[in-house]
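Trainee: Okay, here's the structure, questions in a sec.
The values are calculated or read from the model by the stated rules, or taken from the named source; none is laboratory data. Bear in mind that the values here come from a model prediction, so they are computed numbers and not experimental data. All Cβ positions, even for glycine, are placed from backbone atoms using ideal geometry, and neighbour counts span all protein chains on display. Quick note on the areas: whole protein, heavy atoms, side chains included, nothing else; ligands and nucleic acids left out. Shrake-Rupley method; radii C 1.70, N 1.55, O 1.52, S 1.80 Å.
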Amino acid sequence: FDVDPEVGVMLDTKFQMSSSRFVDEDLPLSYEFGYSKPSLNSINELNSLNTNTTQNNNNNEWTILRSKMEVSYTTTVLPSGSKESNFSLYCVVVVYDSLDSFSTSKVLVTVKNREMSLDGLGEYLLS
């Protein structure tokens, strides 16, 4: 699972998530992409996630950015990470086979705050 770039600015930088190296006999594969706070640090916790839009798992949330599709990549903007986590977020992919078995992977990225005035925010939201 690859994410490019690894450092960006919230709601500005376009992050390309790509997951083309998963292999399984039970084709086709489907890919679901999202992000989580860095407190979601265990692959076992990731494996217990289901396909709700926002999943709360032992006080750890993750948000799905793109629901399950056969396309192995997506491009998206991200919110900033928290100051306490040094502006880090995990980008997450859940890869499903045709039997709905799944595997997960994550990549840590840094998403910094974007400084903008209220007028600038209004213009951004209207664009």
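Trainee: For the range 6-24, give me the residue count where each residue is without any contact (Cβ under 8 Å) to a residue 60 or more places away in the chain and either within 16 Å of S80 (Cα to Cα) or open to solvent by 60 Å² or more (accessible area, probe 1.4 Å) (or both).
Mentor: The total comes to 4.
Trainee: Enumerate the strands (runs of 3 or more DSSP E) found wholly within the range 11-127, keeping only those where 2 or more residues are modelled with pLDDT of 95 or more, at negative phi and over 11 Å from the mean Cα position of the chain (by Cα).
Mentor: Values: elements: 15-18, 30-36, 54-57, 60-69, 73-76, 88-96, 102-112.
Of the strands (runs of 3 or more DSSP E) lying wholly inside the range 11-127, those with at least 2 residues that are modelled with pLDDT of 95 or more, at negative phi and over 11 Å from the mean Cα position of the chain (by Cα) span 30-36, 60-69, 88-96, 102-112.
Trainee: So, one more: Which of the residues that make up the range 80-124 are open to solvent by 40 Å² or more (accessible area, probe 1.4 Å), within 27 Å of S30 (Cα to Cα) and of a type in the set (D, E)?
Mentor: Within the range 80-124, just D100 meets the criteria.
Trainee: Go through the range 68-91 and give me each residue that's over 18 Å from K112 (Cα atoms) and of a type outside the set (F, W, Y).
Mentor: If the condition is that a residue be over 18 Å from K112 (Cα atoms) and of a type outside the set (F, W, Y), then K68, M69, E70, V71, S72, T74 are the ones that fit.
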